[in-house]
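For reference, the structure is listed below as structure tokens.
The values are calculated or read from the model by the stated rules, or taken from the named source; none is laboratory data. Here the structure is a predicted model, which means the values were calculated and not measured. A quick note on method: Cβ atoms are made from the backbone with ideal geometry, for glycine too, and the neighbour counts reach across all protein chains shown. Note: accessible area is taken over every heavy atom of the protein model, side chains too, but ligands, DNA and RNA are not part of it. Shrake-Rupley method; radii C 1.70, N 1.55, O 1.52, S 1.80 Å.
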Amino acid sequence: MRYLLQISDCHISPEPGGHYYERDSELLLKRVVAHALSLGISFDAVLLSGDLVHHGELSAYERLLQTIQPLPGVRCWVAGNHDNSEQMDRFDISVLKQSELRLGRWRLLLLDSNHLPDGKGSGSISPDSLEWLESSLSKHTDAPTLIAMHHNPLPTGTPWQDQIMLANADEFWSRVKPHSQVKGVLCGHVHQALELQYAGINMWSAPSTAVQFKPGVLTVTTEDDPQVGLPGYRWYELHPDGQIVAHLERVQDIFES
Ligand SMILES: [Fe+2]
């Protein structure tokens, strides 16, 4: 069995104590890390699925990595629309436009979804990355596979968010759909914990470790439900037979390590 932890949309501020939607996002990430450690699971990998800092500053990435330092597991990350890939490339973590991580029999394919950004939050996967994805899936048909990217490749029913989802989702799914070894797509971006399906393939979005957005509304609105609005994260059991079990954790504000 392998264990994968997914942390997303931390939106760390440039300065310690800085706020994101009136919340100290660094403090909330510390609570998330403490909660994840309290599970007592020896995670094999930590996937950071984008919007890790709010304005792309080097110092914010340094503080992010310092905050998650106590967690076990190999780090891997993809950039979100708030990230700065050039700054991320300075760290010893793979942030290639496309890369692969092996977890036992499992493969985790990392895709950059910030090609042709529209300036409003959307992005797409480049033609090169789509070619690489198709080629990679065709070569490893027996290995259960997860695909990770920042943007959600399915609409969520929240109008303002559906305008900034993965712009070339149809092309993405046309490459993925024929490959039955793909067990799921992991994303962030929506600041909601969703589990959707396309052609029998699950898409899991991780909640933000900081602030959640209310679904079904026309404009950006933070979640006011006291439970659903809590900071959160996901983790996954990756069984050797290809079965995957997804877990969702929400972290009480009062949680202390
Ligand atoms: Fe975000």
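Of all accessible surface on the range 2-250 at a 1.4 Å probe, what whole percent is carbon and sulfur?
49 percent
Which of 70, 226, 16 ends up with the largest GNM mean-square fluctuation for the chain, with Cα atoms connected below 10 Å?
Per the Cα network of the chain with a 10 Å cutoff, 226 tops the list.
With a cut-off of at most 15 other beta carbons within 10 Å, and DSSP calling the residue loop, which GluC sites (Glu not before Pro) in the range 160-257 qualify? Please list them.
Loop-located and lightly packed - 256.
Computed on alpha carbon atoms, what radius of gyration and Dmax characterise the range 194-257, expressed in Å?
Spelled out, the Cα radius of gyration and Dmax of the range 194-257 are 14.3, 43 Å.
Based on the Cβ-Cβ distance of residue 118 and residue 237, what FRET efficiency does E = 1/(1 + (r/R0)^6) give at R0 = 35 Å, to the nearest 0.05?
About 0.45, to the nearest 0.05.
Radius of gyration and Dmax for the chain's Cα atoms, expressed in Å?
Answer for the chain, Rg first and Dmax second: 16.8, 48 Å.
Under a 5 Å amide H to amide H cut-off, with H placed in plane at 1.01 Å, what residues pair with residue 12 once short-range neighbours are removed?
53, 54
Using 0.36 nm per residue of separation minus the Cα-Cα distance, give me the extension gain between residue 171 and residue 248 in nm, one decimal.
That pair, residue 171 and residue 248, stretches by 24.8 nm at full extension.
I'd like the chymotrypsin sites (Phe, Trp or Tyr not before Pro) in the range 1-31 restricted to DSSP loop residues with at most 16 other Cβ atoms within 10 Å, sorted by number.
When the chymotrypsin sites (Phe, Trp or Tyr not before Pro) of the range 1-31 are filtered for loop state and at most 16 Cβ neighbours within 10 Å, 21 remain.
Taking only protein heavy atoms into account and a 1.4 Å probe, give the accessible area per residue of the range 2-250 in Å². Spell out each step's value before the answer.
Working: 10130 Å² over 249 residues.
In whole numbers, the range 2-250 has 41 Å² accessible per residue.
Counting DSSP beta bridges in the range 2-250, what percent are antiparallel, to the nearest 5?
55 percent
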